[in-house]
Structure formats: C-alpha cells, structure tokens
1. Sort through ALA156, ALA161, ALA183, ALA121 and tell me the only one that's surrounded by 15 or more Cβ atoms within 10 Å (Cβ to Cβ) and either assigned to a loop (DSSP other than H, G, I, E, B) or within 23 Å of the chain's Cα centre (by Cα) (or both).
2. Considering only segment 277-306, how many residues are of a type in the set (D, E, K, R) and in contact with a Pro (Cβ under 6 Å, 6 or more places away or on another chain)?
3. Conditions: (1) more than 10 Å from the ligand (Cβ to nearest atom); (2) in contact with a helix residue (DSSP H, G or I) (Cβ under 8 Å, 6 or more places away or on another chain); (3) closer than 19 Å to LEU111 by Cα. LYS273 meets all but one. Number of the miss?
4. In segment 167-180, what residues are assigned to a helix (DSSP H, G or I) and near the ligand (Cβ under 9 Å from one of its atoms)?
5. Using the structure shown, decide if ILE9 is at pLDDT 95 or above, out of contact with any strand residue (DSSP E or B) (no Cβ under 9 Å at 6 or more places or on another chain) and closer than 22 Å to VAL291 by Cα.
6. Quick check on segment 113-150: of everything there that is in contact with a Leu (Cβ under 9 Å, 6 or more places away or on another chain) and within 16 Å of the ligand (Cβ to nearest atom), which residue is nearest to LEU194 (Cα to Cα)?
7. Which numbered condition trips up SER198, out of (1) in contact with an Asp or Glu (Cβ under 7 Å, 6 or more places away or on another chain); (2) buried (at least 20 other Cβ atoms within 10 Å of the Cβ); (3) of a type in the set (S, T, N, Q)?
8. Of everything in segment 282-329 that's free of Cβ contacts under 8 Å to residues at least 60 places away in the same chain and outside any loop (DSSP other than H, G, I, E, B), which residue is surrounded by the fewest Cβ atoms within 10 Å (Cβ to Cβ)?
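The values are calculated or read from the model by the stated rules, or taken from the named source; none is laboratory data. Small disclaimer: the values here were computed from a predicted structure and weren't measured. Backbone-built Cβ (ideal geometry, glycine too); neighbour counts: all protein chains shown.
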Amino acid sequence: MNIILPQTIESEAVERLEEAGHTVVTAPDPKPETVLPLMKNAHAVILRTGITMTRKLIEAAADLKIISRTGGGFDNVDVKAATDNEVIVTSNLGVNSISVCEHVLAMMLSLAKQLPLLDRAVRNDNYSIRYQNLSRDLNTKTIGLLGFGRIGVLVATACQAVFNMKVLACDPYLADEVKAQYAELAHFVDKEQLCRESDVISVHVPLTEQTRHALSTAEFELMKSGAIVINTSRGPVIDEEALVEALRNNVIGGAGLDVQSQEPPDPESPLLKLDKVLLTPHSAALTNECVTRMATEAADRTLEVLAGKKPLNVANPEVLAAQRWQHLA
Ligand code: NAD
C-alpha cells in the first residue's frame with residue numbers, strides 16, 4: 001500500500017511502515033498543489049501540521065483508508081469530508097502530555113529558583129547575588145491548576161509526590177465521580193479561590209470562548225505577590241497586556257510562557273523585556289522522544305487499518321459503521 005507523508009516523520013516510524021511492506025512517499029513540500037497529485041494512489045496519509053487535509057485532497061484519493069494525525073488535534077483535517085468518503089481519521093491524544101508536564105515542572109523550578117537571573121549574575125561578575133537569597137522552595141507550597149485534564153493531572157501528581165505540594169484544581173466540567181476519584185490528589189475549588197491561595201498557577205485548559213482571557217487583571221489582583229503563573233496551553237487564555245502590567249507593578253512574582261498571544265511574539269512586545277518572564281517557543285511537546293513517539297504511534301494506527309484491524313483513537317467512529325469497514329477485527 002502507498003503511504004503519503006506530506007512532511008517527513010522520524011525515521012523509526014518510516015522503518016516500521018517499510019518493514020511491514022508498504023511504500024512510503026514523502027512530498028517534497030507540504031503545499032496542497034504538491035501533495036494533490038500524490039493523493040491519487042494514496043491508501044494512507046500520516047499528517048503533521050504543515051497542511052490541511054481538505055475535501056479536495058481527500059476526494060482526490062479514491063482508495064484512501066486512513067488519515068493518521070501525529071498530534072492530538074484535528075484542526076487541519078476536514079473530518080466531515082473524511083467521514084463522507086468513509087476515510088478513518090485517528091489522532092494521538094495524550095501522547096505529548098508527559099513532555100508538557102515536564103516542561104511545566106522545568107518552568108516552575110526555574111522561576112522559583114530564579115535560574116535565569118542567577119545565571120546572568122554569575123556571567124556578569126555578580127557572584128555576591130547569592131547573599132540575596134532570591135530562590136524559593138516549592139516544598140509544601142500550593143499549586144493551582146486551571147484545567148484538570150490529562151496534563152493537569154500529571155502536573156498535580158508530580159507536584160504532590162516530589163515537592164509535597166498542596167494541589168488546588170478548578171475544572172467546572174469534571175463530573176463528580178471523576179472529582180471523587182482524585183479526592184486524595186486535589187481539592188476542587190473555584191477560580192477565585194485558586195487565584196487567592198496558590199503559589200504557582202499553571203494553566204491547562206483548551207482555548208474556548210469561556211477560557212479566552214481567563215486570567216486577566218481581576219485574577220492577577222487576587223493572586224499572592226510572589227505568585228508564579230505558567231501557561232503551556234494556548235496564549236490567548238491569558239490577557240497578556242494585563243499580565244505585563246501585573247509583572248511591572250509586582251502584583252505577581254513571575255510568569256513562564258510556552259505559548260503567547262502572538263507566535264512568534266512581536267519583537268517590540270514588552271514581554272521580551274521583562275526579567276521575570278521565562279519564554280519558550282511553543283516547544284513543550286517538541287522533545288526528541290515525544291516527536292518520535294508521535295510519529296511511531298501515528299504509524300501504528302496506519303498499520304492497524306492496513307492490516308484489517310480496528311485502530312485506536314478514531315476521531316470519526318461513525319465511519320466504522322460503513323460496509324467498507326465491516327471486515328475490521
Ligand atoms: P484535556 O482536554 O485533557 O484537559 C483540559 C481540561 O480543561 C478538561 O478537563 C476540561 O474540562 C477543562 N476545562 C475546559 N474549560 C475549562 C474552564 N473554562 N475552566 C476550567 N477548566 C476547563 O487537555 P490536555 O491534554 O490536558 O491539554 C490542555 C491544554 O494544553 C490544551 O489547550 C492543549 O492545546 C494544550 N497543549 C499544549 C501543548 C504545547 O506544546 N504547549 C501540547 C499539548 C497540549
């Protein structure tokens with residue numbers, strides 16, 4: 001069978017596909033006009049984020065069986081068009097959660113221990129900064145999680161186990177039985193209490209109309225003056241102008257932002273000039289291990305379908321009712 005890669009994926013995943021006897025065709029670039037002619041003979045597509053699988057591309061592939069996303073979202077797949085054409089769409093929800101969790105812990109520790117500031121001081125011949133006791137311990141402090149899904153739960157578990165931190169969580173969409181399951185791990189509170197009582201606040205909600213600017217002036221004013229805010233979810237969940245004001249006026253202690261309202265940020269953005277801000281380029285999930293895991297998992301979903309097995313993580317399960325898929329084991 002022919003497996004089309006609009007963009008390259010890790011060699012471990014390609015080897016897995018070739019060892020199963022399939023032909024892997026990598027597009028020279030992911031532009032729709034480049035990928036379109038390759039779709040004619042495609043049985044499967046393994047999809048990163050560089051191209052959208054539109055109805056036009058899907059319908060150009062009469063034999064297409066599966067679109068296998070390396071990541072968790074489907075923003076770049078016309079799932080309706082796939083379903084209309086009896087094409088299975090799969091994803092990799094949760095495959096990057098542990099990598100994002102580690103990134104949160106790295107940011108939290110880095111800000112609590114003031115690593116960027118101390119590093120700059122040593123390089124600038126200011127060794128005596130050590131006597132200012134700028135670092136803070138996390139032990140027995142409180143972490144507040146806005147959003148208690150896959151990543152939030154991992155961060156909570158690590159913070160409790162390693163630093164003996166108290167965990168507060170705000171997630172109004174969790175069912176009571178799920179909250180009961182986590183009663184030993186987290187105290188469920190509203191956003192106001194979370195902001196008032198947390199030493200570190202980490203954001204793990206999707207970007208929705210309800211979560212846009214979920215943390216703004218009113219929330220920063222509730223926080224402790226040393227509070228650290230970490231965002232690895234989506235930039236617009238935090239009102240960045242309000243965050244800059246809160247940091248400038250010492251309303252809060254620091255911020256770690258893997259995501260920003262504009263990516264990459266404007267070179268004139270005040271965020272870039274604030275010492276109390278730690279910035280990374282939306283890279284929390286882009287560890288070497290995680291991208292390999294995303295590619296090999298996407299290859300496995302593809303191999304499952306091509307071998308006549310029902311794949312994991314189907315995004316459009318209604319498609320499995322089609323006559324075409326009745327043979328799947
Ligand atoms: P998830 O779906 O498992 O959990 C999200 C949680 O947020 C759910 O429990 C949901 O009930 C809760 N929620 C929704 N609206 C809320 C609200 N208004 N207030 C409080 N809670 C609310 O998602 P996840 O896998 O934990 O990922 C969380 C976020 O991290 C997502 O936005 C995702 O896009 C982002 N993410 C970023 C990276 C990165 O590289 N930085 C990588 C993976 C995921």
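1. Being surrounded by 15 or more Cβ atoms within 10 Å (Cβ to Cβ) and either assigned to a loop (DSSP other than H, G, I, E, B) or within 23 Å of the chain's Cα centre (by Cα) (or both) holds for just one of ALA156, ALA161, ALA183, ALA121, which is ALA156.
2. Qualifying residue count for the region: 2.
3. (2)
4. Across segment 167-180, the qualifying residue is only VAL178.
5. The answer is no for ILE9.
6. GLY144
7. It is condition (1) that SER198 fails.
8. This residue is GLN323.
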